[in-house]
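The values are calculated or read from the model by the stated rules, or taken from the named source; none is laboratory data. Because the structure is a prediction, the values reported are computed rather than measured. In this analysis, Cβ positions are derived from the backbone assuming ideal geometry, glycine residues included, and neighbour counts consider all displayed protein chains. What goes into the accessible areas is simple: the full protein's heavy atoms, side chains included, and nothing from ligands, DNA or RNA. Shrake-Rupley method; radii C 1.70, N 1.55, O 1.52, S 1.80 Å.
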Amino acid sequence: MKTLYNEGKRLVGTIEVPGDKSISHRSIMLGSLAKGETIVHNFLESEDSLRTINAFEKLGVKIQKNGTNVKVNGHGINGLKQPDAPLNMGNSGTTVRLICGILSALPMKTNLIGDDSLSKRPMGRVIEPLHKMGANIVSQQNTLPMIIHGGGLQPIQYTLPVDSAQVKSAVLLAGLLTNGKTTVIEPNITRDHTERMLPLFGGTVYRDDQSITINGQQTLHGATVHVPGDISSAAFWIAGAVIVPNSDLIIENVGLNPTRTGLIQVLKRMGAMINSTIRRYEGDEPVGDLQIRYSPNLKATELKADEVATLVDEVPLLALIATQVNGSMEINHIEELKYKESNRIKSTVETLKKLGAQIEETPQGMVINGGNELFGSEIDTYGDHRIAMMASIASLITSSPVRLNNPDCISISYPGFFDELNQILK
Ligand code: S3P
């Protein structure tokens, strides 16, 4: 149990956030498939991303980690061997979904397991396209545990039925290891880190409007990856600075890939004072700084269907901010949130309701009647890191203390979260 209460302090100063989780996972995966040495700087040291390192070590890849620097000694796909025990994916949806694409294409048998929460999350979304490619994946109810008998895939053309970068990446990675051309069509754009990272490793991938095509059996070469700060971690401080009176915060060296910055776009539309500046590119990833100032008088906005994937992990924060808007705000098109680390429509609504918000679940998402003061309460984090951190940010504006059950789940993506909070709460 952690008690959080802000006695009139504000968020000020200049900070950096830890490395991007999505990019960290992919750097280890592509490094393991490549020939030669891959050096990753600013790797995210969190439970989820360490699962990916652990999985590839079990697949025979030599990986040395020294803090946030990681060296991957890739020997191409021939360097991967069948593991002698199940691969434990922990809580990491990205590890399991992306690795399914890779393992389905390799001639070996693997057994994948995960924690209770991950074992309830849908895997049919990756199993279905991989079955279409000819994969042999055995799973009871399209959930973990699953057994993959890899190899012998055919390329496909596949239209994503859900806006999911994990599914897109699983198919592209399977396509990379399969003879022929594989195409994924995404009706709404989702995070494109896999596509942006492949050229760094000497790979080629083509985007034409909504379709992304990869040629199979390309040889990747080791690369140096500089992981930018994670915009989804920065989002907690962005939300905090927007709602806590007199805040003025700078976040440096954060990833500003437009497929991830939906929260910033939506908040700007609501009248938030946020400046973002791209300073450089790391590979194909734009990186820069953000300045966020306290923004009273926010106005409600409508979330468009094609924006959701660009802020999919930030919806709990958007709901928190909506509690401070004068008037009513609907957040629609967010059905995908039901399949995250918790049912995030339910966990967001219930958490904010306990803190005094006027918020209800609707068939399309949620509706928030903003403008009332929040108060403290005991909060169950649902074992969901993003709900725990959202409630911690909410505590910055509650009139009494918030008590968090199971704050440890935060280390799934942001182990230093409370240290950072102490550093900027002044
Ligand atoms: C991720 C994609 C998103 C996101 C997850 C990380 C990724 O999931 O929620 O935290 O790294 O590809 P979906 O693509 O399934 O929406």
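Inside the stretch 393-412, can you point out the residues that are in a helix (DSSP H, G or I), closer than 24 Å to Val12 by Cα and not polar (S, T, N, Q)?
Selection gives Ile393, Ala394, Pro407, Ile410.
Would you call Val244 open to solvent by less than 10 Å² (accessible area, probe 1.4 Å) and modelled with pLDDT of 95 or more?
It is true that Val244 is open to solvent by less than 10 Å² (accessible area, probe 1.4 Å) and modelled with pLDDT of 95 or more.
Against the condition touching a helix residue (DSSP H, G or I) at 6+ places or on another chain (Cβ under 6 Å) and at negative phi, how does Pro145 come out, does it pass?
no
Do we find a residue being at pLDDT 95 or above, open to solvent by less than 20 Å² (accessible area, probe 1.4 Å) and within 16 Å of the ligand (Cβ to nearest atom) anywhere in the stretch 290-301?
For the stretch 290-301, residues at pLDDT 95 or above, open to solvent by less than 20 Å² (accessible area, probe 1.4 Å) and within 16 Å of the ligand (Cβ to nearest atom): absent.
I'd like the full set of residues that are of a type outside the set (D, E, K, R) and within 13 Å of the ligand (Cβ to nearest atom), limited to the stretch 31-60.
Leu44, Ser46, Ser49, Thr52
Just one of Leu396, Leu374, Leu421, Leu404 is more than 28 Å from Glu330 (Cα to Cα) and open to solvent by less than 40 Å² (accessible area, probe 1.4 Å); which is it?
Of the residues listed, the single one that is more than 28 Å from Glu330 (Cα to Cα) and open to solvent by less than 40 Å² (accessible area, probe 1.4 Å) is Leu421.
Just to be sure I understand, how many residues within the stretch 320-362 are buried (at least 19 other Cβ atoms within 10 Å of the Cβ), part of a helix (DSSP H, G or I) and away from the ligand (no atom under 16 Å from the Cβ)?
6
Residues checked against (1) open to solvent by less than 10 Å² (accessible area, probe 1.4 Å); (2) under 24 Å from Lys132 (Cβ atoms):
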residue	(1), (2)
Gly74	yes, no
Asn78	no, no
Ser92	yes, no
Ala105	no, yes
Met108	no, yes
Asp115	no, no
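Among the numbered conditions (1) over 22 Å from Glu195 (Cβ atoms); (2) hydroxyl-bearing (Ser, Thr, Tyr); (3) in contact with a Leu (Cβ under 9 Å, 6 or more places away or on another chain); (4) within 16 Å of the ligand (Cβ to nearest atom), tell me where Ser24 comes up short.
With respect to (1) over 22 Å from Glu195 (Cβ atoms); (2) hydroxyl-bearing (Ser, Thr, Tyr); (3) in contact with a Leu (Cβ under 9 Å, 6 or more places away or on another chain); (4) within 16 Å of the ligand (Cβ to nearest atom), Ser24 is out only on (1).
Checking the condition part of a loop (DSSP other than H, G, I, E, B) and over 17 Å from the mean Cα position of the chain (by Cα), which residue from Leu298, Leu290 passes?
Going through Leu298, Leu290 in turn, just one is part of a loop (DSSP other than H, G, I, E, B) and over 17 Å from the mean Cα position of the chain (by Cα): Leu298.
Does the stretch 227-236 contain at least one residue that is modelled with pLDDT of 95 or more and surrounded by fewer than 22 Cβ atoms within 10 Å (Cβ to Cβ)?
Looking through the stretch 227-236, none of the residues is modelled with pLDDT of 95 or more and surrounded by fewer than 22 Cβ atoms within 10 Å (Cβ to Cβ).
Out of (1) within 11 Å of the ligand (Cβ to nearest atom); (2) farther than 30 Å from Asn6 by Cα, what's the single condition that is false for Ser211?
(1)
Kindly evaluate Gly13 against the criterion of being assigned by TED's automatic domain parsing to the domain that holds Ser411, open to solvent by 10 Å² or more (accessible area, probe 1.4 Å) and more than 27 Å from Thr204 (Cβ to Cβ).
yes
Please tell me if Leu153 is away from the ligand (no atom under 16 Å from the Cβ), crowded, with 22+ Cβ neighbours inside 10 Å and not polar (S, T, N, Q).
The answer is yes for Leu153.
Search the stretch 189-207 for residues being open to solvent by less than 40 Å² (accessible area, probe 1.4 Å) and away from the ligand (no atom under 11 Å from the Cβ), and hand back the single one that is farthest from Ser27 (Cα to Cα).
In this case the residue turns out to be Val205.
Quick check on my filter: what residues within the stretch 166-188 are under 20 Å from Val308 (Cα atoms) and open to solvent by 10 Å² or more (accessible area, probe 1.4 Å)?
Of everything in the stretch 166-188, those that are under 20 Å from Val308 (Cα atoms) and open to solvent by 10 Å² or more (accessible area, probe 1.4 Å) turn out to be Gln166, Ile185, Pro187, Asn188.
Among the residues in the stretch 61-78, are any over 18 Å from the mean Cα position of the chain (by Cα), on the phi < 0 side of the Ramachandran plot and modelled with pLDDT under 95?
Yes, that holds for at least one residue.
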